[in-house]
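The values are calculated or read from the model by the stated rules, or taken from the named source; none is laboratory data. This is a predicted model, so every value here is computed, not measured. Ideal geometry is used to build each Cβ from the backbone, glycine not excepted, and the neighbour counts take in all protein chains shown.
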């Protein structure tokens, strides 16, 4: 067991596990965001629960942050190692003949997603941490006594440039997932009779979830 | 119709030379020639002009030995599918074409001269565990006395068709050798004779693969497409799962 993370397959496995964890997180994030379209009250209630329940705040949130950082750091480490494995490039290389654009450019779609996460943290996570843990206001309420979460969400999506940036980021997310979903299963050794079905499910996931996020951003922009 | 072609070929005097692409013209090339025969024609021209012929690897010229390599027009073994360079025919090209010919590129496959690379890193991976230990004292049991289900036998055979040419490494954007090692691990892991040493085999072969400086697989699938023997990505998944099982055991 010792040294498994120092091996190429061990790193691949760890990368895949963190990816699978992040894909599950993405699904629950999407489900909660979708509530904001159908029921602002339900969205407020769930957001307050997620933002104040101790197990989520002090156990799951640190695990999530670790998962995000681990996935990015490991991605960069692997990219650097892989570049060292070929120091002289081909004069002519026809990558499109044997692999998808998404699979060859995971580092770039990943960098775009990293930039988006920085913006997303600036927009939502840092103000949330400031309100709750620096100002000490755990009530989740506005001055008028109503929950603040839906109001804050709508306010953020007034700016068309922010909406545009979010939509572009979701396109990169879709490109990343189109390769990443099935790649994660291959990395953990799952290539069997279920692979064909899983590939279809992975493509659907990679398109439906980012498209749903685009819809939610546009919905709040046009319904403010 | 015979063809006139422009060749852009990597020339490198020796392992320490910097190397460069050099342009050559070849004329009257028959579409029925193999790619290596076309290079033979070029070399005859060069020898007649007292120039150094282009060095390239070849042996059986029947697509079974794994010696020929070459990265042709941006693809390992050229634009055709499921063939080695020696089985690639000039009918895949058109009169007036420019063909770029490079050696397989990987830190673990250093160039020896021109288009010849040193693929002994593959040999060292094989030595690390790509075999089964058999008592040959005279009491050896015939392998066919052990019943094996057909699916496993067929899958092991398909994995064993890997000729170790290195096209997987050359095609992979990360220069990963996992299709080769996956095939070698699989061909034994699926059979009763191979299961005995399965744990040590996969751990030792992967360790050697990493030490040789091959990159990490990111599942682009380029290796499977370019493999002249059609070795499947299933072999990489099997190696991954064998490795994880072995790591937990050992």
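Structural remarks
- Summed over the range B:141-182, the residues that are within 14 Å of chain A (Cβ to nearest Cβ), out of contact with any helix residue (DSSP H, G or I) (no Cβ under 6 Å at 6 or more places or on another chain) and part of a loop (DSSP other than H, G, I, E, B) give a count of 2.
- Residue match in the range B:212-219 (condition: in contact with a helix residue (DSSP H, G or I) (Cβ under 7 Å, 6 or more places away or on another chain) and either more than 9 Å from chain A (Cβ to nearest Cβ) or on the phi > 0 side of the Ramachandran plot (or both)): yes
- Test: residue B:185 is part of a helix (DSSP H, G or I), at the interface with another protein chain (Cβ under 7 Å from one of its Cβ atoms), under 19 Å from the mean Cα position of the chain (by Cα) and modelled with pLDDT of 95 or more: no
- Complete set of residues in the range A:121-155 that are under 16 Å from residue A:42 (Cβ atoms) and touching a strand residue (DSSP E or B) at 6+ places or on another chain (Cβ under 9 Å): A:140, A:147, A:148
- Total residues in the range B:73-121, condition touching a strand residue (DSSP E or B) at 6+ places or on another chain (Cβ under 7 Å), within 9 Å of chain A (Cβ to nearest Cβ) and in a strand (DSSP E or B): 3
- Number of residues in the range B:29-51 that are over 11 Å from residue B:88 (Cα atoms) and outside any helix (DSSP H, G or I): the value is 5.
- Sole exception among (1) more than 12 Å from every other protein chain (Cβ to nearest Cβ); (2) part of a helix (DSSP H, G or I) for residue B:230, by number: (2)
- Put simply, of A:158, A:214, A:163 the only residue that is modelled with pLDDT of 95 or more, under 30 Å from residue A:53 (Cα atoms), touching a helix residue (DSSP H, G or I) at 6+ places or on another chain (Cβ under 9 Å) and not in a helix (DSSP H, G or I) is A:158.
- From the options B:240, B:204, B:219, residue that is outside the structural domain of residue B:88 (by TED's automatic domain parsing), part of a helix (DSSP H, G or I) and within 20 Å of residue A:74 (Cβ to Cβ): B:240
- Long-range neighbours under 7 Å by Cβ, at least six apart or interchain, first residue without any contact (Cβ under 8 Å) to a residue 60 or more places away in the chain and at negative phi within the range B:18-38, second buried (at least 18 other Cβ atoms within 10 Å of the Cβ) and in a loop (DSSP other than H, G, I, E, B): B:34/B:88; B:35/B:78; B:35/B:88; B:36/B:58; B:36/B:68
- Among the residues making up the range A:86-127, a single one is without any contact (Cβ under 8 Å) to a residue 40 or more places away in the chain, closer than 19 Å to residue A:15 by Cα and at the interface with chain B (Cβ under 7 Å from one of its Cβ atoms): A:104.
- Matching residues, the range A:75-85, being surrounded by 18 or more Cβ atoms within 10 Å (Cβ to Cβ) and in contact (Cβ under 8 Å) with a residue 40 or more places away in the chain: A:75, A:78
- Any chance residue B:68 is crowded, with 18+ Cβ neighbours inside 10 Å, in a loop (DSSP other than H, G, I, E, B) and either within 23 Å of the chain's Cα centre (by Cα) or away from chain A (no Cβ under 14 Å) (or both): yes
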